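See below for the structure under consideration.
A short reminder: the numbers here are calculations on the coordinates, not readings from a lab. Small disclaimer: the values here were computed from a predicted structure and weren't measured. Because the Cβ atoms are built from the backbone with ideal geometry, glycine has one as well, and the counts that use them run over all protein chains shown.
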Amino acid sequence: MLWLSRGVAGSLLAGARRLLLVLALIAPSLIPIPAFAAEQPEISAKYAVVVDAGSGEVLYDKDMNTPTAPASLTKVFTAIAALDAANLDREVPIDQYDLVGEASMGLQAGQNISLRTLLNGLLLVSGNDAAMAIARNVGALAGDTPQQSINRFMTRVNSLSERLGLTGTHLTNPHGLDQPGHQSTARDLAAITMYALKNQDFRTIIGTPLYNREGFELYQANLLLGAYPGLIGGKTGYTETAGYCLLEAAERDGHTIIAVLLSSTKEAWYQDATTLLDYGFETVSAPADAARPTISLSPAPVSAPAMAAASSKSVNGGLTIERLDATTAVVRSTAGVTESGSGFSWRWPLTALVAMVIALGLALNGHTLIGIASLLWQNRPKISLPARPMAAPAMVPVTTGQPEKPVPSVARRSARYNPPGYVVNDRPTTFRDVPRPQFSVISQSSAGRGMASPSAGEATARGAVKLALQGRYQEASGEFVRALRSDPGLDLSRCPGFWQMGPGGLAAAVRAYRICDRPDDARTLLTIVQLSVGSDRETERLHNRGSALAG
């Protein structure tokens with residue numbers, strides 16, 4: 001009998017252990033786990049906002065309602081007001097009054113330029129001259145002086161802001177140069193972007209890497225375009241008062257995220273934008289949070305006398321009504337909700353029921369149940385976050401045996417069409433030094449190539465390099481194309497003497513990459529060309545000649 005009692009006790013103890021094991025395995029599935037919450041982004045910008053453009057939900061807010069100087073982000077207002085009012089093919093006469101300096105697309109008085117080209121000059125290279133020409137013409141009435149026409153246009157812009165409920169915005173000029181009373185907020189800039197993205201012409205322009213019409217060659221100033229996956233486009237801005245400002249919109253998996261940052265630094269503004277976009281996509285997939293504010297494109301509500309916030313009061317024992325303003329109230333259920341707002345009233349009864357089922361299952365076939373529970377646990381859904389994208393095709397060091405001599409950074413030139421003596425300064429960005437002889441652009445198709453003897457394509461490319469070193473850029477361009485077609489995975493930058501070519505030779509290689517449908521390599525190499533161009537007259541001449549080839 002004693003032996004039987006010990007056997008029963010042992011069986012009960014073993015069963016209890018099995019029960020505890022199964023409960024440990026399946027307990028996580030019984031307890032609701034809060035949705036994944038991404039860490040709050042750390043950014044240098046003083047003001048910022050991240051918005052889900054589809055719902056208007058604000059996913060991140062850093063003083064988004066504080067009015068401040070918006071710099072060239074002003075041009076988003078200018079662009080959409082013009083797109084709402086005029087035909088893109090409209091011819092616009094250029095006046096000396098339009099040439100205000102600072103950032104420029106290279107307009108000259110007496111030209112007649114289409115509104116389409118002006119809008120590309122406005123949004124791609126941030127041309128202040130384009131902003132003035134657009135405002136002066138779209139807002140003009142017969143007999144107006146140039147300034148009267150611009151004032152009329154700004155009245156149109158501010159009226160649009162008022163209709164959309166952008167109460168923190170008042171703009172006094174179309175370009176964004178610092179001026180008393182010229183201000184907006186991160187929230188309002190996100191809202192006008194939500195509105196502008198509904199216009200397909202606007203989306204097309206901000207997503208254009210290069211515009212080449214009517215004698216202008218305009219390169220996109222927004223460095224995230226083509227580097228951040230899903231980027232629709234954006235707008236850059238800088239003044240001494242505003243600091244470095246950036247607006248970006250990106251689309252993934254059916255969600256459009258808008259990130260706006262104001263008053264950042266030249267070292268951090270693009271990293272700030274990437275951080276905010278990443279945070280937006282990580283957060284937007286979580287369930288909507290009723291506590292988050294939303295942005296709606298509708299007129300601001302009529303002001304009413306201030307009302308004291310009413311405390312929440314219970315209704316029918318299970319609801320509370322919280323008055324937010326004169327016309328809005330929030331009704332919430334309080335049944336079984338703790339102070340933290342998570343409902344747990346069902347958990348323990350359900351757990352008890354599940355425990356009884358488990359006990360019965362153990363009594364029948366404990367090993368089988370444990371195996372099933374273990375299998376379910378191993379195949380449970382796992383949260384995975386998108387990896388942070390690389391900003392550009394990989395660049396690897398190439399050993400030369402010589403000490404590194406970094407090339408001084410220079411501001412990127414975005415407009416090739418420049419009047420003599422007219423300086424283009426479209427963006428004050430100082431880029432990272434690019435030591436040309438020490439780096440090689442590697443495409444995905446050519447990664448991992450071995451150190452084999454020169455192929456026919458490589459031999460042709462070497463001949464092209466020799467032609468470029470002699471200044472015969474047109475012939476070099478043709479030979480580069482022939483080399484790439486002979487060997488589609490060829491990396492031109494590995495050819496001996498490639499980095500000793502001038503800008504014209506490098507531009508010939510850019511053009512060859514484009515012709516042979518290798519846009520990523522073309523874009524990366526073109527960036528290096530632009531960063532490496534000096535300021536002396538001979539280099540300027542070669543750069544312009546090479547830019548013509550690269551078009």
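Length gain on complete extension for the stretch ILE515 to ASN112, per 0.36 nm per residue less the alpha carbon to alpha carbon distance? Let's see the in-between values first.
On the way: separation 403, 0.36 × 403 = 145.08 nm, distance 3.14 nm.
Difference between extended and current length: 141.9 nm.
For a test of the definition: using alpha carbon positions, the gyration tensor, and the 1.5 limit on a/c, classify segment 47-284 as rounded, prolate or oblate. Don't jump to the answer; show the numbers that get you there.
Numbers: a/c = 1.74, a/b = 1.47, b/c = 1.18.
Judged from the Cα gyration tensor, segment 47-284 comes out prolate (a/c at least 1.5, a/b above b/c).
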At 0.36 nm per residue, and after removing the present C-alpha to C-alpha distance, how many nm does the segment from LYS198 to ALA86 gain when stretched out fully? 38.7 nm
By counting other Cβ atoms within 10 Å of each Cβ, how are LEU141, LEU525 ranked from fewest to most? LEU141, LEU525
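Within a 10 angstrom radius of the beta carbon, how do LEU262, LEU115 rank from fewest other beta carbons to most? Each step should come with its number before you reach the end.
Values: LEU262 30, LEU115 23.
In order of increasing Cβ crowding within 10 Å: LEU115, LEU262.
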Least to most buried among GLU479, GLU102, by other C-beta atoms within 10 Å and fewest first, runs GLU102, GLU479
Note: probe point = Cα of ALA142 + 7 Å toward Cβ; backbone nitrogen < 16 Å; residues of segment 54-92 passing the test are none
